[in-house]
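Participant: One structure, as structure tokens, below. Some questions next.
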Amino acid sequence: MDAADLAFAGLARQAELIREGEVSARELTELYLERVERLEPQLRAYRIVLAGEALAAADAADRRRGDGAPSLNGVPIAIKDDTDIAGQVTARGSLAHGGPAEQDSEVVARLRAAGTVLLGKTHVPELEALAATESLAFGSTRNPWDPTVTPGGSSGGSAAAVAAGLAAAALGTDGAGSIRIPAACCGLFGLKPQRDRVPIGSNWHGMSVHGTLTRGVFDSALFLDAVKDSGPAFAEAAARPPGALRIAYSLKMPRGTTARLGDEQRGAVERTAERLRDLGHTVQERDPDYGNSAANVITRYLEGISSDAASMPHPERLARWTRGLAGLGAKIPSFLVERAHAQEAVDRERIGAVFADHDVLLTPALTRLPPPVGEWLGLPAPLMLNGMAGFAPHLAWWNHTGQPAAAVPVETAPGGLPVAVQLVGRTGDEATLLSLSAQLEAATGWLDRRPPLAA
């Protein structure tokens, strides 16, 4: 296996190679560090690379290699820079941060216990509030499929790193699509698990969850098995056929959306629906009833940004656009905030009625291809919010209701950029999403594709 093939082999295969002694954790870590040094100037995926610590962790993984080693022993991964690593600043795309974290977050502690090697922390937009990974503090992260466009956000640094072969997998967070947007932009599998499946600290009052960004579905399943609190064995689910499922698909644009659905995204859903029929599933067009609950979703999103801005150690250092979004949240009357939270169960029941007679819902992931770098940065807050909402109007509903949802790459647009669809599952049913996504992955042959900026 040559160096590039090893870098793109994925979490599961790399863990196997290390376990069998075909490659050492140090060799694999050195390979990634070399790739980071070579490609990072073009991508800006990492805020900080922990080279010394990573090599020490790799050596420790090599010493414990064998039958009793942890599940992901020696595999190098990246951590989104909204999550604490002991001794490192959690910058959150901002100069408003405080000092180094005193201890690992719970999810990082679990990843260490699983044997992973932490390569570094990846870029985010300030306070994870943008659908693009750009900040005044740290600049713009680029998409390895086309460096002139965004990798999405807010987990864009994590997505760019994995897509370009600069990490085997990456931790992300998703508060309104922040895993699924960059996964769709960068041709990755991105899973937002069921709320409370994985422990998380600040979570936008219930909207945000930890999840995964990987090239392959099975890799995400292994990753989640290492960090989740409870639930079935996801790796087993990803490895088994899904059986014949009842799948609803919808091209409906939620009420209040001003954008139109692009031809690539519409075609991807329609062709995926047909492919699923060919795979033996029953597929019917069925629109969920989004109702008028967009205001509840936006209220909770803006409330999260406002609360986070107020809690930063140096809020006076926040960028103007971040203060603008936070200001919109601060102006929302408290009774509307309370109503948005109270409506969650009602909205879940109404929107989720589609699952009474369907196992999975298929929707567009995005409405268009990734926008150029800088399209939203610097706009007045209302225009920025409108632009981002029109880019990904099908995603944040499931943060509001808490259900699992995934972005799955299915094809390539004429210009070479990846196109994805979204799969949404019943409450607590990541297993079906993983099984179906793995079947789609095999049918599309997506894992054979690599971005140009990854050689």
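The values are calculated or read from the model by the stated rules, or taken from the named source; none is laboratory data. Nothing here was measured: the structure is a model prediction, and the numbers come from that model. A quick note on method: Cβ atoms are made from the backbone with ideal geometry, for glycine too, and the neighbour counts reach across all protein chains shown.
Participant: What single numbered condition from (1) of a type outside the set (Ser, Thr, Tyr); (2) free of Cβ contacts under 8 Å to residues at least 40 places away in the same chain; (3) within 20 Å of residue 251 (Cα to Cα) fails to hold for residue 342?
Facilitator: (3)
Participant: Restricting to region 60-106, and then to whatever is aliphatic (A, V, I, L, M) and not in a loop (DSSP other than H, G, I, E, B), can you tell me which residue is farthest from residue 235 (Cα to Cα)?
Facilitator: It comes out as 60.
Participant: Of all residues in region 87-107, how many are within 20 Å of residue 169 (Cα to Cα) and small (Gly, Ala, Ser)?
Facilitator: Going through region 87-107 one residue at a time, the tally reaches 1.
Participant: Same structure again: Go through 366, 434 for me and flag whichever is closer than 30 Å to residue 340 by Cα, buried (at least 23 other Cβ atoms within 10 Å of the Cβ) and under 17 Å from the mean Cα position of the chain (by Cα).
Facilitator: 366
Participant: For region 331-354, does any single residue satisfy the condition of being surrounded by 18 or more Cβ atoms within 10 Å (Cβ to Cβ), over 24 Å from residue 132 (Cβ atoms), among the aliphatic types (A, V, I, L, M) and more than 25 Å from the chain's Cα centre (by Cα)?
Facilitator: Checked against the condition, which is being surrounded by 18 or more Cβ atoms within 10 Å (Cβ to Cβ), over 24 Å from residue 132 (Cβ atoms), among the aliphatic types (A, V, I, L, M) and more than 25 Å from the chain's Cα centre (by Cα), region 331-354 yields at least one hit.
Participant: Do you know which residues across region 107-140 are part of a loop (DSSP other than H, G, I, E, B) and on the phi > 0 side of the Ramachandran plot?
Facilitator: 115, the sole residue that qualifies.
Participant: A follow-up question, please. For the structure I just gave you, tell me whether residue 229 is free of Cβ contacts under 8 Å to residues at least 40 places away in the same chain and either touching a Gly at 6+ places or on another chain (Cβ under 9 Å) or acidic (Asp, Glu) (or both).
Facilitator: When the stated conditions are applied, residue 229 passes them.
Participant: Which of the numbered conditions does residue 265 fail, given that it passes all the others? Conditions: (1) modelled with pLDDT of 95 or more; (2) of a type outside the set (Gly, Ala, Ser); (3) not in a helix (DSSP H, G or I).
Facilitator: For residue 265, the exception is condition (3).
Participant: Please find, within region 376-397, the residue that is nearest to residue 140 (Cα to Cα) out of those that are part of a loop (DSSP other than H, G, I, E, B) and under 21 Å from the mean Cα position of the chain (by Cα).
Facilitator: 377
Participant: Pairs please, first residue from region 149-174 and β-branched (Val, Ile, Thr), second anywhere and assigned to a helix (DSSP H, G or I), Cβ atoms under 7 Å, 6+ apart in sequence or on different chains.
Facilitator: Close Cβ pairs (under 7 Å, with a partner that is assigned to a helix (DSSP H, G or I)) amount to 150/156; 150/185; 173/128.
Participant: Taking into account only those residues within region 232-241 that are in contact (Cβ under 8 Å) with a residue 40 or more places away in the chain and not in a helix (DSSP H, G or I), which is surrounded by the fewest Cβ atoms within 10 Å (Cβ to Cβ)?
Facilitator: Looking at the filtered set, the residue picked out is 241.
Participant: Within region 36-79, how many residues are surrounded by fewer than 20 Cβ atoms within 10 Å (Cβ to Cβ), closer than 20 Å to residue 161 by Cα and charged (D, E, K, R)?
Facilitator: 4
Participant: Please count how many residues of region 402-455 are hydrophobic (A, V, I, L, M, F, W, C), assigned to a helix (DSSP H, G or I) and in contact with a Leu (Cβ under 7 Å, 6 or more places away or on another chain).
Facilitator: 3
Participant: Looking at region 268-295 only, could you name the residues that are assigned to a helix (DSSP H, G or I) and either of a type in the set (Phe, Trp, Tyr) or more than 22 Å from the chain's Cα centre (by Cα) (or both)?
Facilitator: 270, 271, 273, 274, 275, 276, 277, 278, 295
Participant: Does region 18-35 hold any residues that are closer than 21 Å to residue 121 by Cβ and either acidic (Asp, Glu) or in a loop (DSSP other than H, G, I, E, B) (or both), and which are they?
Facilitator: 30, 34
Participant: Mind checking which residues of region 341-372 are of a type outside the set (Ser, Thr, Tyr), part of a loop (DSSP other than H, G, I, E, B) and in contact with a Pro (Cβ under 8 Å, 6 or more places away or on another chain)?
Facilitator: 370
Participant: Next question. Among the residues that make up region 216-239, is at least one of them closer than 23 Å to residue 178 by Cβ, modelled with pLDDT of 95 or more and among the hydroxyl-bearing types (Ser, Thr, Tyr)?
Facilitator: yes
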